[in-house]
Structure formats: structure tokens, C-alpha cells
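Each reported figure results from applying straightforward, stated rules to the coordinates on display, with no laboratory input. The model shown is predicted, which means the values in this text are computed figures rather than measured ones. A quick note on method: Cβ atoms are made from the backbone with ideal geometry, for glycine too, and the neighbour counts reach across all protein chains shown.
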Ligand SMILES: Nc1ncnc2c1ncn2[C@@H]1O[C@H](COP(=O)(O)OP(=O)(O)OP(=O)(O)O)[C@@H](O)[C@H]1O
Ligand SMILES: [Mg+2]
């Protein structure tokens, strides 16, 4: 391929107009030149044909790349696209070795790079992990700019890969979002001068497209995960409701039936005792009605929609007192509630409701404090504290799957859905404190994500 044609290719791919040109019959490269005689034109179009075919192939790959929503396929297509694009510049790609390296998401400190996808790497190379601190990989990550080497044998990290030891030239491109590098694209070839300026530019262009595609794939995955969370949370809420209905009102109504049966029998044997039995039935029925009303309130707290979080928490406290004689003290900062989206208010209410119910059921506490406050300008903090018996959190969480409980897991799921953090602290005899931090802005949500 001559200089003009490959330069044109770089420009075309860079500004993303390949589609337009090829969509118009691939005629731009020919039409832009001087008008030729029909015989010359035929010859020229024959000569241009292989280029057009390659361009079409590259265009298809790039279009495929940016429309792919699977992370793995984006990686594969980036490497295949790079090889095809280098082929178009006239470079032999048979011996090209390429790889995508990502920082492993396994909590290693300091973080390590692992191979996410590779072409012509050996099997042991595919499972290699490297620190990304030295050689061209280290320089690429530190500077945020592509780096070239023509002496791979002197590169301490590249020589850890068997396949690269047969190569002289290496080219490394950072994969960056904003100022954060989350991996690199790596290319190597036995020819010392393989990665000339023109080839490097082509690879830079492909890597930019790959970045966009990776971001799309990541966003798609996040939406999918969120959808799965919502489905799971809904399913668990239904399971919990069915269990609460079974353990609460169903048992109570069964008890009323038994008491009524007993009262019927007493009517003949001991009419004087019937009055007492009827009073017991009335008490159970009244208590059950309160419990069902309480359940209905927590299931659909209309006051939350009409008057907001502070009113809903206060109503919950009143009902707790009325139904269970449990003292709940609510302290809210109206200012922060004003800044909370309706969804986040619902999440806070649901978590507070479950936490308060846990205290009522398990803690034998005199007081429960529910607070909603602002922290560091753009975070809302929900605190539920009690002076009850406390519990061994490690013991409960270690055996959580065997317990059949859902409360804790639901609270955590809901905090995550609101892009927040859930934290619990408890010790036997010392009471329990739950803290939920919810971001009030996108920027605050980003800071939480980085912190995690
Ligand atoms: N405030 C608290 N004080 C004392 N123990 C608690 C408190 N909160 C939770 N626990 C303990 O943690 C366990 C797990 O709580 P979780 O809410 O997950 O389940 P549950 O309340 O038993 O059942 P569910 O919420 O599914 O109806 C409880 O069974 C209880 O032993
Ligand atoms: Mg519970």
C-alpha cells in the first residue's frame, strides 16, 4: 500500500467516516482523484478493489466493535481489528503477537495486570500476572501515553511472557477512562522496525475505538447487574412478605378459630368462663388488626409519597409505639431530605423499617434512634441505633445462608441500589448501630465507587 492510501485510511478511520464513504459505493478514493480516461478508470478501480475489500472488512470490524455489548467480545474484536488494520498497511501480520491486559479485580495490593485476551500467546502466558511497574508497560501506565521498544530482550516485564521472547519490537497503548488507566493493549513482532509511525497511528486509532466499546460494554453490564439486583430484591421482598404473613396474621387467625371453638364448648360446660374467653378473642383480633395495618403501612407507606421521608419515619415511630409499645425516636434534617431523590427516600425508609423491626424482634431495647443527617456536603447518612442486647455479627453473617433470614441481605441490596454503603456494628450487651451512606450527587456516587 502506498503512503497516500494508508494515510487516507488513518484519517478515514480516525474521523469515523469510513461508513459514509463505503456506503456510497467506496468511490471516494477514486472520485477524489483527477478524472481519468475510461480505460484508466477501469484499471484504477481494479487496483483499488483489494483496498476497498480490506476497508470494508475493517469498517465491518469497527462497526461491530462499537456495537458489541459483551466485554469479552470487545477484547477479541480489538485484537482482530488491529491485525486486519496492520494488514491493510501492507505489513505482514502472521507473526504479530497481541494481548489485552487488565488490572485484576481481585483486591491484590498493589494491583496486578492479568491477560484478558491474547493472540499467539502460549498457554502459560495466558495465566501470567505482572505488576505493570517496569519496562514499556510501566512507562505506558505512568505516562498515560503509548510506548515503543525495539529491544524486548531488555524489558523486565515483557520477557516474562514466553511468546514475546521471540520478538524484538513491542508497542504498548494505555486503556484509559478520564485519568485512570485500567489496562493496556500490547503488540509485539520479531521485526525490529515493524511498528513504524504509520502502523503505530493505526493501532492508536483502533485502541481509541476499543476504549469507547469497552465503556459501552461496561455501562451495559452495570445496567444488567442493576436489573438483576432489582429482580432479586423484589423476589426476596415477596418471600419475606409471605413468611411474615405466615408467622404473624395467619397464626393469629388460627388462634382466634381455636379460642372461638373453646368458647363454644364452654357455653354448655362453664358459661361463666365464656366472657373471659370472648375477651381473649377480642384482644387477639384487635392486636392482629393492628399488625395487619402495620404491615400494610410498611408495604405501601402512602405518607412517604405524599409528605416525604420525615413524615413517613414519624408515622412509623407512632405505629411502632401503638402496635408493639416500642419507643422509637426520630431525628431528621429536613434540609438533607429535600436533596434526596424519591427513590433514595424509599430506600432509606425501607432500610429503617427493617432495622427497627429487627430491634423490636431481637434486641429487647428500651430505645431505638432513627437519624437522617447530612455528611460532607453531598452525602445523606441514615443511622439506626438501639440500646438492646446486641449480637455477634460475625457469627450471624458466617451462617447467613443456613438461617433463611432475608432482612440483612435486603438492607444491603437496597443500599447498593441507591449507590450507597451499608455498615453494621454490634456487640453482645452493647446494642447495635446501622449506618447507611447514600450519595446525593453523581459526583458523590463516583467517590463511593472509588472508595469501594
Ligand atoms: N438490632 C439487633 N439486635 C440484636 N440482634 C439483631 C439485631 N438485628 C439483627 N439481629 C440478629 O441478626 C439476625 C439476622 O437478621 P435478619 O434481619 O437478617 O433476619 P431475621 O430478622 O431473623 O429474619 P427476617 O428479617 O428475614 O424476617 C437476627 O436473627 C438476629 O439474631
Ligand atoms: Mg429481620
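Table for the structure above
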quantity: Projected label distance in nm at residue 293 and residue 57, using a 7 Å step from Cα toward the beta-carbon; calculated: 7.7 nm
quantity: Angle between the chain longest axis and helix 251-269 axis [Cα atoms, degrees, rounded to 10]; calculated: 20 degrees
quantity: Principal semi-axes in Å for the range 337-452 [√(5λ), Cα gyration tensor, largest first]; calculated: 25, 16, 12
quantity: Relative contact order [Cα under 8 Å, 6+ residues apart], the chain, whole percent; calculated: 9 percent
quantity: Two-site FRET efficiency, residue 73 against residue 94, from Cβ-Cβ distance with R₀ of 25 Å, rounded to 0.05; calculated: 0.60
quantity: Extension reserve of the residue 109-residue 393 stretch, reckoned as 0.36 nm per residue once the Cα distance is removed; calculated: 99.6 nm
quantity: In degrees, nearest ten, helix 197-245 long axis to first principal axis of the chain (Cα); calculated: 10 degrees
quantity: Helix-derived mean residue ellipticity, 222 nm - over the chain, DSSP H n ≥ 4, -39500 (n - 2.57), to 500; calculated: -18500 deg cm²/dmol
quantity: Packing-based order for 150-158, 225-233, using average beta carbon neighbours within 10 Å, highest first; calculated: 150-158, 225-233
quantity: Which of 143, 98 has the fewest Cβ neighbours within 10 Å, and the rest in rising order; calculated: 143, 98
quantity: Using alpha-carbon coordinates, inclination of helix 71-88 to the longest axis of the chain, degrees; calculated: 10 degrees
quantity: Highest to lowest packing among 216-224, 342-350, 191-199, scored as the average C-beta count within 10 Å; calculated: 342-350, 191-199, 216-224
quantity: Efficiency of FRET between residue 227 and residue 160 - r from beta-carbon atoms, R0 45 angstrom, step 0.05; calculated: 0.65
quantity: Net lengthening on full extension, residue 197/residue 286 (0.36 nm per residue, minus Cα-Cα); calculated: 23.6 nm
quantity: Rounded D (µm²/s) - the range 55-161, Kirkwood Rh over Cα pairs, Stokes-Einstein at 20 °C, 1.002 mPa s; calculated: 140 µm²/s
quantity: The range 313-432 - percent relative contact order, Cα under 8 Å, separation 6 or more; calculated: 25 percent
quantity: Per residue Cα convex hull volume in Å³ - calculated over the chain; calculated: 220 Å³
quantity: For 450, 168, order by how many other beta-carbon atoms lie within 10 Å, fewest first; calculated: 450, 168
quantity: Net length gained if the chain between residue 302 and residue 275 were fully extended (0.36 nm per residue, minus Cα distance); calculated: 5.8 nm
quantity: Ascending count of other beta-carbon atoms within 10 Å, so fewest first, for 322, 385; calculated: 322, 385
quantity: The range 235-369, relative contact order in percent, only Cα pairs under 8 angstrom and at least six apart counted; calculated: 19 percent
quantity: Modelled FRET efficiency - R0 51 Å, residue 265 with residue 339, Cβ distances, 0.05 increments; calculated: 0.25
